[in-house]
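The values are calculated or read from the model by the stated rules, or taken from the named source; none is laboratory data. Predicted, not measured: the structure shown is a model, and the values here were computed from it. Positions of Cβ are backbone-derived with ideal geometry, glycine not excepted, and every protein chain shown enters the neighbour counts.
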């Protein structure tokens with residue numbers, strides 16, 4: 001198959017994104033009960049690992065490097081979680097779409113040209129902000145005591161940047177070394193330079 | 001999913017899957033804007049009855065899922081109950097301050113989680129993946145590439161599960177189970193990388209094979225399964241409308257609590 005130069009998602013991109021999302025969806029499903037067990041302590045410590053819920057979006061974008069990958073990845077992961085009957089139910093799908101959209105916006109802001117650690121962390125950070133949008137409607141946030149609210153926001157944004165930004169960046173870097181990532185990357189300028197040598 | 005759904009003859013399986021998905025999505029919006037505690041209590045009861053009547057799981061599994069859902073719902077409300085703001089304080093212990101207002105709000109949030117979980121379970125327990133994605137293509141015009149991509153990915157799940165077991169065994173044999181934060185990070189990374197690398201390679205090979213057979217390269221196509229509409233869809237809309245309206249009416253007739261407006265957005 002020829003590696004297309006177009007920036008549209010082709011079949012390979014879609015399939016790889018969805019499969020990766022399923023892996024994460026499965027992890028979400030397995031992690032869910034563990035996470036629910038940590039929750040009761042009430043001090044919002046669970047927010048630190050909340051970031052793992054936004055991981056699929058930034059990961060897919062870092063891997064595929066095309067517009068739409070982050071949104072598709074996060075939405076598919078959320079959809080998988082709903083279909084596996086994850087706790088929280090149908091709302092997870094909405095969370096996924098909004099988080100994916102926010103992560104996507106960060107990559108779009110750099111015109112899908114910059115995929116560095118800092119951009120990835122910003123993307124995870126944006127995913128966390130996306131999750132707050134729905135939380136606000138859900139009523140998790142309104143009327144919490146001030147210190148508790150701030151604790152929750154700080155922990156989640158931090159967790160988002162690390163778990164959903166830095167961690168996928170490390171993973172993708174390792175996959176690049178393993179030679180897996182360039183199976184799905186669009187052809188870059190350097191690839192053409194190699195041909196011209 | 002297929003194996004754990006006991007009796008697939010139940011009428012909820014015969015509803016058009018896209019329609020079911022859209023209706024359940026819409027219900028989500030409805031209960032997100034309800035801030036009347038009584039309505040939520042009644043709606044939760046009615047949806048519980050509906051779930052018990054129509055779900056496709058075996059009795060034992062659905063019982064444990066209900067217990068799990070209750071547990072999750074209770075704890076989704078704890079932060080609000082313990083740390084929410086309010087003036088009529090009932091209980092105070094260091095940072096924990098429980099007031100009437102926070103208790104009502106927390107209960108509402110818990111009930112929301114409960115209802116959404118039940119809706120998710122109704123959807124998950126009565127939908128088979130193949131008709132669901134075929135219906136998405138036919139009724140909602142989801143591009144064929146995406147729907148078949150999802151179906152192909154679903155077929156890879158058993159392989160992923162098997163791989164997971166293999167990796168675990170391989171690590172056990174090599175004595176890689178160490179304790180500590182750093183070892184845990186290394187372990188998560190090792191699992192993730194092995195699973196991801198294999199999945200990406202497999203997905204890429206599958207896509208190449210599909211394109212070699214000219215998958216989705218032509219505009220028009222036919223479907224092996226034609227998903228249509230039936231009387232069940234009407235019945236389903238009727239039942240859902242009855243449950244929703246029933247919840248609102250019952251909360252008007254038999255208000256169980258004095259809290260009719262507990263959350264300001």
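Here's the yes/no breakdown for (1) outside the structural domain of residue B:103 (by TED's automatic domain parsing); (2) exposed (fewer than 12 other Cβ atoms within 10 Å of the Cβ):
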residue: B:217; (1), (2): yes, yes
residue: B:220; (1), (2): yes, yes
residue: B:233; (1), (2): no, no
residue: B:237; (1), (2): no, no
residue: B:241; (1), (2): no, yes
residue: B:246; (1), (2): no, no
residue: B:258; (1), (2): yes, yes
Elements of type helices (runs of 4 or more DSSP H) contained in segment B:10-81, each with 2 or more residues being facing another protein chain (nearest Cβ under 10 Å), at pLDDT below 90 and closer than 23 Å to residue B:98 by Cα: B:59-76
Failed criterion for residue A:160 (all others in (1) in contact with a helix residue (DSSP H, G or I) (Cβ under 6 Å, 6 or more places away or on another chain); (2) surrounded by 22 or more Cβ atoms within 10 Å (Cβ to Cβ); (3) within 17 Å of residue B:189 (Cβ to Cβ) hold): (3)
Odd one out for residue A:113, checked against (1) more than 19 Å from residue A:50 (Cβ to Cβ); (2) within 11 Å of chain B (Cβ to nearest Cβ); (3) assigned to a loop (DSSP other than H, G, I, E, B): (2)
Residue B:89, sole failed condition from (1) free of Cβ contacts under 8 Å to residues at least 12 places away in the same chain; (2) in contact with a helix residue (DSSP H, G or I) (Cβ under 7 Å, 6 or more places away or on another chain): (2)
For residue A:141: the one exception among (1) touching a residue at least 12 places away in the same chain (Cβ under 8 Å); (2) outside any helix (DSSP H, G or I); (3) within 13 Å of chain B (Cβ to nearest Cβ): (1)
Residues satisfying the stated conditions in segment B:222-265, i.e. in a loop (DSSP other than H, G, I, E, B) and within 14 Å of chain A (Cβ to nearest Cβ): B:259, B:261, B:262, B:263, B:264, B:265
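May I ask you to list the residues in segment B:91-102 that are in contact with a strand residue (DSSP E or B) (Cβ under 8 Å, 6 or more places away or on another chain) and surrounded by 12 or more Cβ atoms within 10 Å (Cβ to Cβ)? Working first, answer last.
Of segment B:91-102, the ones in contact with a strand residue (DSSP E or B) (Cβ under 8 Å, 6 or more places away or on another chain) are B:91-92, B:97-102.
Of everything in segment B:91-102, those that are in contact with a strand residue (DSSP E or B) (Cβ under 8 Å, 6 or more places away or on another chain) and surrounded by 12 or more Cβ atoms within 10 Å (Cβ to Cβ) turn out to be B:97, B:98, B:99, B:100, B:101, B:102.
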Sole exception among (1) on the phi > 0 side of the Ramachandran plot; (2) within 14 Å of chain A (Cβ to nearest Cβ) for residue B:180, by number: (2)
Test: residue A:131 is surrounded by 15 or more Cβ atoms within 10 Å (Cβ to Cβ) and under 25 Å from residue A:61 (Cα atoms): yes
Checklist (1) at the interface with chain A (Cβ under 9 Å from one of its Cβ atoms); (2) within 21 Å of the chain's Cα centre (by Cα); (3) surrounded by 19 or more Cβ atoms within 10 Å (Cβ to Cβ) applied to residue B:135, failing item: (1)
Residue tally, condition over 22 Å from residue A:174 (Cβ atoms) and either assigned to a helix (DSSP H, G or I) or within 7 Å of another protein chain (Cβ to nearest Cβ) (or both), over segment B:192-214: 7
